1. Kindly check whether there is at least one residue in region 153-163 that is farther than 28 Å from residue 247 by Cβ and surrounded by 14 or more Cβ atoms within 10 Å (Cβ to Cβ).
2. For residue 280, only one of the following conditions fails: (1) farther than 24 Å from residue 169 by Cβ; (2) within 16 Å of the ligand (Cβ to nearest atom); (3) surrounded by fewer than 16 Cβ atoms within 10 Å (Cβ to Cβ). What is its number?
3. So which residues in region 302-316 are more than 15 Å from the ligand (Cβ to nearest atom) and over 24 Å from residue 265 (Cβ atoms), if there are any at all?
4. Looking at region 147-173, which of the residues that are in contact with a helix residue (DSSP H, G or I) (Cβ under 7 Å, 6 or more places away or on another chain), modelled with pLDDT of 95 or more and assigned to a loop (DSSP other than H, G, I, E, B) is farthest from residue 253 (Cα to Cα)?
5. Identify, by number, the condition in (1) away from the ligand (no atom under 16 Å from the Cβ); (2) touching a helix residue (DSSP H, G or I) at 6+ places or on another chain (Cβ under 8 Å); (3) assigned to a loop (DSSP other than H, G, I, E, B); (4) over 18 Å from residue 174 (Cα atoms) that residue 230 doesn't meet.
6. So which residues in region 237-249 are within 20 Å of residue 310 (Cα to Cα) and out of contact with any strand residue (DSSP E or B) (no Cβ under 9 Å at 6 or more places or on another chain), if there are any at all?
7. Give the residue that is farthest from residue 146 (Cα to Cα), with candidates limited to residues of region 285-298 that are touching a strand residue (DSSP E or B) at 6+ places or on another chain (Cβ under 9 Å) and in a loop (DSSP other than H, G, I, E, B).
8. Suppose the filter is loosely packed, with under 15 Cβ neighbours inside 10 Å, within 15 Å of the ligand (Cβ to nearest atom) and on the phi < 0 side of the Ramachandran plot; does residue 183 pass it?
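The values are calculated or read from the model by the stated rules, or taken from the named source; none is laboratory data. Here the structure is a predicted model, which means the values were calculated and not measured. Neighbour counts run over all protein chains shown; Cβ positions are idealised from the backbone, glycine included.
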Ligand code: PHE
């Protein structure tokens, strides 16, 4: 009996010394010490040997078990270390290899200009509002003093969704929406996309506008002029000259077109300003009392101004871009310049 278990121990030691992988060590652990392992079975059979032999036999078995456990553990550690050394040898990292190129994204020039303009007006206390791009005829035309068949509707080539729903042709559609929900005083800007059925070097069917309006008691044309002059000086520089030219919009009275001294030639006259020295940049005026009536304001008490500008147009002047179609094209070579 004793001889028998001693030779089991010797065999196990021999096998352990020959292992070369962690897997093999694990298998030997199972073979000898697992639930149905050779040594485990021997321990289980202890009850079937003569009583007087049991203590000696039991303690030998335990000694062998402990020594095998110890050996297996040692073998495991040795193999783990040499595994690691092998790994370190084969998986060396070359820190001098150049890294991967990560292209930087950037904001679209229209977004950049829009952000700049919004920052100027919010610094003056204007709040930012938005309105829907698919709009009722009422807010886009009717409420702005352009009833059905009004000739001014022809100024804007409208995309119709249905008889009385359109893609908004201008951000002025936001005016009455805001006035319906709020009482004066109001200082609001409403940036967003607008749509017109038109396409050439200076027109694209979807572009961006920013509407601004201010309503309170005693608001005058000089307030409009002051706000716009400040805005223009911040965007185009303090030397830029500003001129108000009489114009017409059904929803403002009086109306004006705002010109600035040409950003290219400084007013001397060039291709960009067609030799006039002036460039038109936005439409504006005092809000027509008809609009207040639609919004439920008393035009005897309140006055105010409104203005609207094309963002692409401002961006084109600011960055000397001569074709508006470059904006929606999204050619990276164009966008990377901003
Ligand atoms: N909505 C006008 C346009 O798109 C611009 C404008 C806005 C004019 C507000 C006057 C007042 O041309």
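1. No; the residues of region 153-163 include none that is farther than 28 Å from residue 247 by Cβ and surrounded by 14 or more Cβ atoms within 10 Å (Cβ to Cβ).
2. Unmet condition: (1).
3. Here is the first cut: in region 302-316, the residues more than 15 Å from the ligand (Cβ to nearest atom) are 302, 315-316.
Within region 302-316, just 302 meets the criteria.
4. 168
5. (3)
6. Applying the first criterion (within 20 Å of residue 310 (Cα to Cα)) to region 237-249 yields 237, 240-249.
Listed by number, the list holds a single entry, 237.
7. 297
8. No: the conditions fail for residue 183.
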